[in-house]
């Protein structure tokens, strides 16, 4: 009986090791030409202003079998694009993004929640102007497929979160210009 118990324990350990070996993390590099972070906010209650950042770098490491992920995104805040050059400079000023002192913002996340085979939320930390806060990105779209042109595996996702800009030291004109800012990430990444 003792040898049967030992054999079952060894078989169980081997099964766990085999499962762990099959769960191989894959690294995807962000495609800057198809990845944009947009932000929107209320302007005096009259309209919703929409802006974006044009330069993003980073990686997504995902293990489909283990249902784990790690996301590391860096945003070049000097690439802010409001559609108006003067306003781009205004947003980069010390009252808002202060890009002279903080030329990048970052998101790092490693706690993903799945529904079935699709990720639906990602917990992490958002850093803007040297201030880091916990956030949860709600993933509204996720696709994993071979890239039709590059012939490599690729992923795409859309996610969003609402933050208070005052939490990141950018409270000028609150409450006239909204404190709540919706950040939307549209991301594509290609397997390394």
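Does residue 26 satisfy the criteria of being at pLDDT 95 or above and within 14 Å of the chain's Cα centre (by Cα)?
Working: at pLDDT 95 or above: yes; within 14 Å of the chain's Cα centre (by Cα): no.
For residue 26, the condition - at pLDDT 95 or above and within 14 Å of the chain's Cα centre (by Cα) - is not met.
Has region 72-84 got any residue that is in contact (Cβ under 8 Å) with a residue 12 or more places away in the chain, in a strand (DSSP E or B), touching a strand residue (DSSP E or B) at 6+ places or on another chain (Cβ under 9 Å) and closer than 16 Å to residue 142 by Cα? It would help to see each step written out before you state the result.
Looking only at region 72-84, we keep the residues that are in contact (Cβ under 8 Å) with a residue 12 or more places away in the chain, and these are 72-83.
Going one step further and asking which of them are in a strand (DSSP E or B), we end up with 72-76, 80-81.
Next, from what is left, pick out any that are touching a strand residue (DSSP E or B) at 6+ places or on another chain (Cβ under 9 Å): 72-76, 80-81.
Subset that is closer than 16 Å to residue 142 by Cα: none.
Within region 72-84 (the criterion being in contact (Cβ under 8 Å) with a residue 12 or more places away in the chain, in a strand (DSSP E or B), touching a strand residue (DSSP E or B) at 6+ places or on another chain (Cβ under 9 Å) and closer than 16 Å to residue 142 by Cα), the answer is no, since none of the residues qualifies.
Determine which single condition residue 109 fails, assuming it passes every other condition in (1) in contact with a helix residue (DSSP H, G or I) (Cβ under 7 Å, 6 or more places away or on another chain); (2) crowded, with 16+ Cβ neighbours inside 10 Å.
Every listed condition holds for residue 109 apart from (1).
Here are some conditions: (1) part of a strand (DSSP E or B); (2) at pLDDT 95 or above. Residue 114 meets all but one. Which one does it not meet?
Result: residue 114 passes all but (2).
Yes or no, residue by residue, for (1) at pLDDT 95 or above; (2) within 14 Å of residue 52 (Cα to Cα); (3) out of contact with any helix residue (DSSP H, G or I) (no Cβ under 9 Å at 6 or more places or on another chain):
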site: 80; (1), (2), (3): yes, yes, no
site: 89; (1), (2), (3): yes, yes, yes
site: 98; (1), (2), (3): yes, no, no
site: 120; (1), (2), (3): yes, no, yes
site: 152; (1), (2), (3): yes, no, yes
site: 162; (1), (2), (3): yes, no, yes
site: 175; (1), (2), (3): no, no, yes
site: 178; (1), (2), (3): yes, no, no
site: 185; (1), (2), (3): yes, yes, yes
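Quick check, is residue 56 in contact (Cβ under 8 Å) with a residue 24 or more places away in the chain and in contact with a helix residue (DSSP H, G or I) (Cβ under 6 Å, 6 or more places away or on another chain)? Step through it out loud before you land on a result.
Numbers: in contact (Cβ under 8 Å) with a residue 24 or more places away in the chain: yes; in contact with a helix residue (DSSP H, G or I) (Cβ under 6 Å, 6 or more places away or on another chain): yes.
Spelling it out, residue 56 is indeed in contact (Cβ under 8 Å) with a residue 24 or more places away in the chain and in contact with a helix residue (DSSP H, G or I) (Cβ under 6 Å, 6 or more places away or on another chain).
Quick check on residue 129: is it in contact with a helix residue (DSSP H, G or I) (Cβ under 9 Å, 6 or more places away or on another chain) and over 30 Å from residue 191 (Cα atoms)? If you could, list the steps in order and put the result at the bottom.
Values: in contact with a helix residue (DSSP H, G or I) (Cβ under 9 Å, 6 or more places away or on another chain): yes; over 30 Å from residue 191 (Cα atoms): yes.
Criteria met by residue 129.
The values are calculated or read from the model by the stated rules, or taken from the named source; none is laboratory data. Remember, predicted model here, so these are calculated numbers, not experimental data. All Cβ positions, even for glycine, are placed from backbone atoms using ideal geometry, and neighbour counts span all protein chains on display.
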